[in-house]
Amino acid sequence: MRAPVGHYPGLKLWTALFFVFLYAPMVVLVGYSFNDNRLAMIWGGFSTRWYTKVFSTSGIAEAALNSLMVAIVATSFATAIAISAALVLVREAKFKGAGPSMALISMPLIVPEIVTAVATLMFFVMLRNWVGFDLGLGNIMIAHSVFCIPFAFMPIRARLQDMDVTLEHAARDLYASAWNAFRHVTLPLLMPGVIAGAMLAFVISFDDFIITQMISGPGTTTLPVYIYSMIRQGVTPEVNAASTILIIVSTVLVTVYWYVSRPKKT
Amino acid sequence: MQRTATSNWLGVAPAWFVIGIFGVLPMFIMLAISFMVQDPYGGVEWGYSHEAYIQFLFEYDLDDSLLFNPIYINIMLRSMGLAAITTVLCLIVGLPVAYFIARQPEEKRNLFMLLVTIPFWTNLLIRTYAWILILTRNGVIDARFQALGFEPGTFDLLYTNEAILIGLVYSYLPFMVLPLYASLEKMDFRLIEAASDLYASKWQAARHVIIPLAKPGIIAGSLLVFIPSIGAFIAPDLLGGGKRLMLGSLIHFQFATARNWPFGAAVSILLMVFVMVALLIYNRANKGQGVAMGGH
């Protein structure tokens, strides 16, 4: 029998190797995090003691708490801003500011992270020196809000584009105020997009390293910045355990996001 | 719902306010700082100077005459070279994968795409760090060589250009696969059947049907890989040993260690120019694509 049209030999193997390449480093890292040996690279039996150690290290707990607070605040701001902008940009075809607004919202995606990092650093240093503006962890929250906006925006916009406006019009026809129509009709329908956008923003904020490292100082260390300072001191089982925890958090969040945002079969 | 121009502007105002003040304004301040005088204690002194841009190309000789200094040009060329090779490697690896996934039944396709996206959302720092475990002396691969009786250190790629390249490809491969998949998924596979019926070989079909149809994905993916690669910091830092090997590490060094703001700002501006040029080429290529499609 002739092979099906459009079939190329080795594609399956190539794809399998691709996934090995993609996942092997993470598997190795997770595996070594359970290595009992103090010398991280030499296998000395299974152990979970490094996890206990990680959780009892005071610096890590504080850094994780900072990361969490930053991510929650940045996600809330970014999501609210994104909803407000998306409602205008998707629905108002005649709005003259649509083009520039889209360009503005996508800007954080286009500028290389290192450039954003140093520009934000100089800006905050100047604000501190000239007008005494320094919010500490708040500075990091502001910076994160900026680059989280496009990530929150994309799923919300996608959901809005698929949404039917007739229900909202019906609510308005039945004398619902603009706010009530939004609160009781639009927002519930928009919720899957909002949840998806918020989760993406959360992961992006929680994982950010370069920008945070540039603008963070003593007392405003986040988890990735803390892990980087550990890595600088060499490969240790503690780093492997802390990294594994972060990998698991991201993987769980993204998988949940995928289930929430997946197009429903009707 | 009736909305006026004013209420429309009110809706996008928070985005303009936050991104405008904390995203765009700092970029313009950075441009200004690149033309100021360095304060050796970090920060800048008021006053115009294009010293930072001269420093990129020249150094001062003992008698204050300018001497061409290739060190930063070399870093720039190395960055562009590594970013270009990364882009090509991602394309070579990613195209067959995206094609394979696009041809799967829907359920499987979604699962594969989830598998492609998970690393994409996993901390880049950690994913790059994991490569140290694999590439280093006494690492996962070297240990296998030692088990076979080779000397320790037979396999030790850490702190080489190859290691940086592996790290970059690994970091940005999903950025290539996602847009490639997006354009191949919409493809009408009957076109390949038609090509085959017209006695096109498999490779002719690939060259004349699949690749042209994947072109928007190829262009978008190349842009998404090239831009972050050229400004990468983590891969050259962790896998290249942080020897100021790429533009990203050079910028980082100016702020973290050398405290030369104007020079760091000038290099950042240069990087932004590259990004702008890449975007312009992208727009041009996309327009060409539109015309070609319209012509059919």
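The values are calculated or read from the model by the stated rules, or taken from the named source; none is laboratory data. These figures come from a predicted structure and were not determined experimentally. All Cβ positions, glycine included, derive from the backbone under ideal geometry; neighbour counts span all protein chains shown.
Do you know which residues across the range B:2-53 are part of a helix (DSSP H, G or I) and charged (D, E, K, R)?
Here is the first cut: in the range B:2-53, the residues part of a helix (DSSP H, G or I) are B:5-33, B:51-53.
Residue satisfying the conditions is B:Glu51 alone.
Let me spell it out: the conditions are (1) over 23 Å from B:Phe233 (Cβ atoms); (2) modelled with pLDDT of 90 or more; (3) in contact with a Phe, Trp or Tyr (Cβ under 8 Å, 6 or more places away or on another chain), and B:Pro14 meets all of them except one. Which number is the exception?
For B:Pro14, the exception is condition (3).
For the range A:131-141, which positions are within 12 Å of chain B (Cβ to nearest Cβ) and touching a residue at least 40 places away in the same chain (Cβ under 8 Å)?
Matches in the range A:131-141: A:Asn139, A:Ile140, A:Met141.
For the range B:150-168, what are the residues that are part of a helix (DSSP H, G or I) and surrounded by fewer than 23 Cβ atoms within 10 Å (Cβ to Cβ)?
Of everything in the range B:150-168, those that are part of a helix (DSSP H, G or I) and surrounded by fewer than 23 Cβ atoms within 10 Å (Cβ to Cβ) turn out to be B:Asn161, B:Glu162, B:Leu165, B:Ile166.
Can you tell me which residues in the range B:232-264 are polar (S, T, N, Q) and under 19 Å from the mean Cα position of the chain (by Cα)? If you could, list the steps in order and put the result at the bottom.
From the range B:232-264, those polar (S, T, N, Q) are B:249, B:254, B:257, B:260; that's our starting set.
Residue satisfying the conditions is B:Ser249 alone.
Residue by residue, here is whether (1) over 30 Å from A:Gly44 (Cβ atoms); (2) of a type outside the set (Phe, Trp, Tyr); (3) surrounded by 15 or more Cβ atoms within 10 Å (Cβ to Cβ) holds:
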{"residue": "A:Ala181", "(1), (2), (3)": "yes, yes, yes"}
{"residue": "A:Pro188", "(1), (2), (3)": "yes, yes, no"}
{"residue": "A:Val194", "(1), (2), (3)": "yes, yes, yes"}
{"residue": "A:Gln213", "(1), (2), (3)": "yes, yes, yes"}
{"residue": "A:Leu223", "(1), (2), (3)": "no, yes, yes"}
{"residue": "A:Gly234", "(1), (2), (3)": "no, yes, no"}
{"residue": "A:Val239", "(1), (2), (3)": "no, yes, yes"}
{"residue": "A:Val249", "(1), (2), (3)": "no, yes, yes"}
{"residue": "A:Val256", "(1), (2), (3)": "yes, yes, no"}
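Among residues belonging to the range B:60-78 that are at pLDDT below 85 and of a type outside the set (A, V, I, L, M), point out the one that is nearest to B:Leu250 (Cα to Cα).
B:Tyr60
Which of the following residues is surrounded by 15 or more Cβ atoms within 10 Å (Cβ to Cβ) and either more than 30 Å from B:Val97 (Cα to Cα) or touching a helix residue (DSSP H, G or I) at 6+ places or on another chain (Cβ under 7 Å) (or both): A:Thr52, A:Thr48, A:Thr15?
Among A:Thr52, A:Thr48, A:Thr15, only A:Thr15 is surrounded by 15 or more Cβ atoms within 10 Å (Cβ to Cβ) and either more than 30 Å from B:Val97 (Cα to Cα) or touching a helix residue (DSSP H, G or I) at 6+ places or on another chain (Cβ under 7 Å) (or both).
Considering the range A:180-210 alone, what residues qualify as being within 11 Å of another protein chain (Cβ to nearest Cβ) and under 30 Å from A:Ile142 (Cβ atoms)?
Across the range A:180-210, the qualifying residues are A:Phe182, A:Thr186, A:Met199, A:Leu200, A:Phe202, A:Val203, A:Ile204, A:Phe206, A:Asp207, A:Asp208, A:Phe209, A:Ile210.
May I ask you to list the residues in the range B:83-140 that are at pLDDT below 95, more than 25 Å from A:Val252 (Cα to Cα) and hydroxyl-bearing (Ser, Thr, Tyr)?
Once the filter is applied, which keeps residues that are at pLDDT below 95, more than 25 Å from A:Val252 (Cα to Cα) and hydroxyl-bearing (Ser, Thr, Tyr), the range B:83-140 yields B:Tyr99, B:Thr136.
Could you check how many residues of the range A:35-91 are within 14 Å of another protein chain (Cβ to nearest Cβ), in contact with a Ser or Thr (Cβ under 7 Å, 6 or more places away or on another chain) and at pLDDT 90 or above?
Total meeting the criteria: 9.
Report the residue count in the range B:54-80 for those that are among the aliphatic types (A, V, I, L, M) and either outside any helix (DSSP H, G or I) or without any contact (Cβ under 8 Å) to a residue 12 or more places away in the chain (or both).
Counting residues in the range B:54-80 that are among the aliphatic types (A, V, I, L, M) and either outside any helix (DSSP H, G or I) or without any contact (Cβ under 8 Å) to a residue 12 or more places away in the chain (or both) gives 5.
Kindly check whether there is at least one residue in the range A:29-52 that is closer than 30 Å to B:Asn8 by Cβ and touching a Phe, Trp or Tyr at 6+ places or on another chain (Cβ under 7 Å).
No, the conditions are met nowhere in the range A:29-52.
Can you tell me which residue within the range B:1-45, out of those that are more than 9 Å from chain A (Cβ to nearest Cβ) and buried (at least 18 other Cβ atoms within 10 Å of the Cβ), is nearest to A:Leu89 (Cα to Cα)?
Top of the filtered list is B:Ser34.
Just checking, how many residues over the range B:150-174 are at pLDDT below 90 and within 12 Å of chain A (Cβ to nearest Cβ)?
2
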